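Below is one structure; the comments refer to it alone.
Nothing in this text is a laboratory measurement; each read-out follows from the coordinates by a stated rule. On a predicted model such as this, the values are computed, not experimentally measured, just so you know. Ideal geometry is used to build each Cβ from the backbone, glycine not excepted, and the neighbour counts take in all protein chains shown.
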């Protein structure tokens, strides 16, 4: 079942095209990696799917509904975490989860918060001010917020950017289990190719706002004659045009 | 509520300036009353107007500060990527501001009454339409300045702070607007608070025929509210197109 369907998405800023005729879909139970160098259009794409940036043209359908006209309904079943979107630093961890739980209309909020604090190993921090947490702890709170409403779609913009390998692994396991259990879908951006290889069912490489290649992260590098995803990423970043010759 | 609960010191920022201002003006009016055999009470004429004015200014400032909090904490995108609509968000700003400003009003009235013997309700039930007009206009100004910050970015917040002070020149908080040059009086009559402070003076001088004055004030304040509300929505829609909404969280602080 298709949860996200993006058709001919274009975003232009006064002459500059950030996203250029992008089309893709995400199926139920899929974790899709959105990869590419800085400025490739990943965050712009995520922001459009989140409804905080209006496309110049194109269409985004989520859960079979047009995002433009059903934004609130769609966002009730979606959520996100991004390295640049912080939760209010002056609120305690539990208070932050309460605020966002209310915003997303979560039922049995107290129980849900308890589950999340346990799952993300945040119980001892629940009364700490969010701003006093380390970046790793903060990322875990952001991720707890990102699944507080049991979303069917999660958008993660570099969610493990500041985490140590052990916590990163823990987070990846939580997300993978969550997706399998809830038949959800994830659009995940990261610069950590090993992470992407481990967690994603499919990856899409963006360059200059276009998808230039996509496929299974475990086999894609070999298909393009590269040693691994890191090498493929570097080629996408530096010489995207050469990839066409290597197909 | 959570912000104050986890940071009780914030209560000081909400009330401290109001308490200082009422103290200052209470003492000044008391002193003026002792000069040159004054034939009327400065406290009654000036302190009541100051309380009303601070109430309105606080409503505007509190809306702006609540909005800025979300920008300062880079939390903006979390709200707008949730099911919260822009109208609900705006309503949240207004309700937060009303709660804090009303608490501030109660404290000002208590201080003025207990320390300077000023009865805020000296003009009876007329105080209600006065508060209503100032409330509506304060909300309109709060939304207006929030929209300006939303449009120009967080660095434009400085524009919001002096607005009450600048406006106080025109609306006759401290003096009748007949003191202003004729051309400035034209500006005054566009601003709803002018009708409130004019009416306060009329009532204190024994003229209770303020119905038309209040009606003008009310209509104008509603017009301002409608215009600023649509202005905010327009800025929001523009920001959706330009990407400013997401940039407020990531780049422009």
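Quick rundown of the values:
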| quantity | calculated |
| --- | --- |
| Considering only the protein assembly as shown, percent of DSSP beta bridges that pair antiparallel, nearest 5 | 55 |
| For region A:1-144, projected area of the alpha-carbon convex hull averaged over all directions, nm² | 10.0 |
| Residue exposure sequence - A:1, B:56, B:100 - by fewest surrounding Cβ within 10 Å | A:1, B:100, B:56 |
| Relative contact order [Cα under 8 Å, 6+ residues apart], region A:96-247, whole percent | 15 |
| Peptide-level mean, for A:79-91, of C-beta atoms on other protein chains within 10 Å | 6 |
| Neighbouring partner chain Cβ atoms per residue of B:201-212, average, 10 Å criterion | 0 |
| Distance between modelled label sites at residue A:181 and residue B:158, nm, 7 Å Cα→Cβ extension | 5.2 |
| Order of B:150, B:42, B:23 - criterion: other Cβ atoms within 10 Å of each residue's Cβ, fewest first | B:23, B:42, B:150 |
| Kirkwood hydrodynamic radius of chain A, from inverse mean 1/r over distinct Cα pairs, in Å | 18.6 |
| Acute angle (nearest 10 degrees) that the helix B:48-72 long axis makes with the longest principal axis of chain B, alpha-carbon atoms | 10 |
| Region A:133-198: translational diffusion in µm²/s, Stokes-Einstein, Kirkwood Rh over Cα pairs, 10 °C, 1.306 mPa s | 132 |
| Degrees separating the helix A:109-119 axis from the principal Cα axis of chain A, which is the longest one | 60 |
| Kirkwood Rh, Cα atoms: Rg over Rh of chain B | 1.00 |
| Coordinate range along principal axes, alpha carbons of the protein assembly as shown, Å, largest first | 98, 50, 35 |
| Inverse mean reciprocal Cα-Cα distance (Kirkwood Rh) of region A:130-247, Å | 15.5 |
| Ranking of A:164, A:230 by count of other Cβ atoms within 10 Å, fewest first | A:164, A:230 |
| Folded to 0 to 90 degrees: helix B:211-242 orientation relative to chain B principal axis, Cα | 20 |
| Cβ-derived FRET efficiency at R0 30 Å, residue B:208 paired with residue B:32, nearest 0.05 | 0.70 |
| Spherically averaged projected area of region B:78-158 from its Cα convex hull (nm²) | 7.3 |
